[in-house]
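Each reported figure results from applying straightforward, stated rules to the coordinates on display, with no laboratory input. Just so it is clear, the structure is predicted and the values come from calculations on it, not from any experiment. Positions of Cβ are backbone-derived with ideal geometry, glycine not excepted, and every protein chain shown enters the neighbour counts.
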Amino acid sequence: MRILSGIQPTGNPHWGNYFGANRQYVTLQGNKDDAFYFIANLHALTTVRDKERLSQQTFDMAVYFLAIGLDPEKSTLFVQSDVPEVTELTWLLLTCCPMGLLERCHAYKEKLAKGLTADAGLFTYPVLMAADILAYDSDLVPVGEDQQQHLEVTRDLAQTFNYHFGETFILPKAYVVPAAGKVPGTDGEKMSKSYNNTLEVIEDVKAQKKKIMRIETDCRPMEDPKDPETDNLYLLYKLFASDEQRQEMEEMYRRGGFGYGQVKKELARIAEEYFAPIRERYAKFQADPSFVRDVLAEGARRARAKAAEVLDRAQSNCGICIPK
Ligand code: ADP
Ligand code: TRP
C-alpha cells in the first residue's frame with residue numbers, strides 16, 4: 001500500500017500543520033517503497049513570487065521533514081518539480097476535467113470571494129495535486145480536513161480517465177486525522193499562515209512564550225467554572241498533554257478558581273519540551289546541506305522511476321504513442 005503526501009514550502013510550519021497533518025507522516029512511514037513525501041514547490045508558485053524565498057523555503061522544508069522524524073530509510077523524500085512526469089500527467093488529467101469541478105474548489109472560490117483575481121495556476125491547482133497523487137499509484141493520502149475536497153477531485157478525475165480509456169489509475173483515499181480537528185490560533189480562529197495567528201514548530205522558545213502569553217482569552221471571573229472544550233488554551237494544551245495531564249487540566253477548568261496566566265505558562269512549558277528534540281534535529285540537518293541534497297536526489301530518482309511507469313501507462317491508454 002502506498003502512502004503519499006505533500007507540503008507546500010510556503011513558510012515555517014505551525015502547530016496546525018504539524019498536528020493536523022505532518023505528525024501522521026511519521027507514524028505512517030515504514031518502508032521507502034510505500035511512503036512518499038514531497039515538497040510541493042510547484043503549488044507554492046501560485047503564492048510565492050520570490051526566487052530566493054521559494055528555493056530557501058524548499059530546502060528548509062526538507063530539513064523540517066528530517067527533523068520531525070521522516071527517515072530516508074523508511075520513506076522516499078523528494079521535491080515535486082524533480083519529477084517532471086507529474087506535470088505531463090497534469091495535462092492528460094486537465095483534458096478530463098470539467099470547468100465546473102474546479103469552479104467549486106475552495107482555494108479558487110475563496111480568492112474570488114475576496115475580490116482578488118485568480119490565475120490559471122490557482123484555478124487548476126487541484127489537477128496538479130491529482131497528478132501528484134495518481135502518478136505514484138497512491139492508495140492513502142494523509143491530509144488535513146481542508147484538503148478532502150481535493151481528494152474528491154482526484155478520485156473524480158481518475159474515474160473519468162478510467163471510464164474513457166480503461167483501468168489506468170488507482171483510486172486513492174484521504175486519511176484525515178479525526179482527533180486533531182482544527183487547531184486554533186492565538187486569536188481563536190483556525191491557526192493559519194494567512195491569519196497571522198500561528199505558533200511555529202521551529203521557533204525561538206522565548207519569542208514563542210511571549211506569543212502564548214498574549215493568546216486571547218475570555219474575561220470571566222477567575223472563580224467561575226469553565227468548559228474546557230470551548231477554550232482555546234485548553235484545546236492547544238490538549239495537543240501536547242498525556243491523558244493524565246489532560247484530565248488534571250480538565251478538572252481544574254471545571255472547578256474554576258484558576259488564572260489563564262497559569263495555563264499559558266504550562267502550555268509554553270509543555271510545548272517547549274515536546275518540540276525540543278525536533279528543534280535539535282532541525283539545527284543538525286540545517287548544518288549539513290549536502291546530506292539534505294543527497295536525500296532529495298535519491299528520493300527524486302526513486303519517485304521518478306515510479307511516475308515514469310504510471311505516465312507511460314496513461315499515455316499508451318489514451319493514445320499518446322505511435323501504433324505498434
Ligand atoms: P495554512 O492555512 O497555514 O496556509 P496550509 O493550507 O498550508 O496551512 O496547510 C497544510 C496542511 O496542514 C493541510 O493538510 C492542512 O489541512 C493542515 N492544517 C493547516 N492548518 C491547520 C489547522 N489549524 N488545524 C489542523 N490542520 C491544519
Ligand atoms: N495542496 C496541499 C496543501 O496545500 C499540498 C499538496 C500538493 C498535496 N500536492 C499534494 C497534499 C498531494 C497531498 C497530496 O496542503
Nonlocal amide H pairs with Phe36, under 5 Å, H built at 1.01 Å: Ile3, Leu4, Ser5, Thr76
So what's the gap between the Cα centers of region 140-206 and region 94-115, to the nearest angstrom? 16 Å
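Taking a ≥ b ≥ c as the square roots of the Cα gyration tensor eigenvalues, with a/c under 1.5 meaning rounded and otherwise prolate when a/b beats b/c, else oblate, which class fits region 1-101?
Details: a/c = 1.73, a/b = 1.24, b/c = 1.40.
Taking the square roots of the gyration eigenvalues as a ≥ b ≥ c, region 1-101 is oblate.
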When Lys and Arg each count +1 and Asp and Glu each count -1, what net charge do the other residues less than 13 Å away from Lys209, Cβ to Cβ, add up to? +1
Using θ = phi - 60° and Karplus 6.51 cos²θ - 1.76 cosθ + 1.60, couplings along region 263-268 (whole Hz; Gly, Pro as x): 5, 4, 4, 5, 4, 4
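Take the Cα pairs of region 193-282, get the Kirkwood Rh, then feed it into Stokes-Einstein at 10 °C and 1.306 mPa s and tell me D in µm²/s.
Details: Rh = 13.9 Å.
Rounded, D is 114 µm²/s.
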Sequence-distant residues sharing a close amide H with Lys173 (under 5 Å, placed H): Leu140, Val141
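DSSP loop trypsin sites (Lys or Arg not before Pro) in region 15-101 with at most 16 other Cβ atoms within 10 Å of their Cβ, which ones? Each step should come with its number before you reach the end.
On the way: sites: Arg23, Lys32, Arg49, Lys51, Arg53, Lys74; in loops: Lys32, Arg49, Lys74.
Answer in residue order: Arg49, Lys74.
Kindly flag which residue pairs out of Lys206/Lys264; Lys190/Lys211; Lys190/Lys284 have an alpha-carbon separation exceeding 20 Å in this structure.
On the way: Lys206/Lys264 13 Å; Lys190/Lys211 16 Å; Lys190/Lys284 31 Å.
Beyond 20 Å between Cα atoms: Lys190/Lys284.
So what is the 222 nm mean residue ellipticity for the chain from helices alone, if each DSSP H run of at least 4 adds -39500 (n - 2.57) and you divide by all residues, rounding to the nearest 500 deg cm²/dmol? If you can, show how the numbers build up before the last one.
On the way: 14 runs with 171 residues, N = 324.
Result for the chain, helices only: -16500 deg cm²/dmol.
So what are region 96-215's ellipsoid semi-axes, whole angstrom, largest first, if each one is the square root of 5 times an eigenvalue of the alpha-carbon gyration tensor?
Calculated on Cα positions only, the semi-axes equal 34, 19, 11 Å.
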The chain, relative contact order in percent, only Cα pairs under 8 angstrom and at least six apart counted: 24 percent
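Write down Rg/Rh for the chain, rounded to two decimals, with Rg from the C-alpha atoms and Rh from the Kirkwood relation over Cα pairs.
Numbers: Rg = 21.6 Å, Rh = 21.3 Å.
Taking Rg over the Kirkwood Rh, I get 1.02.
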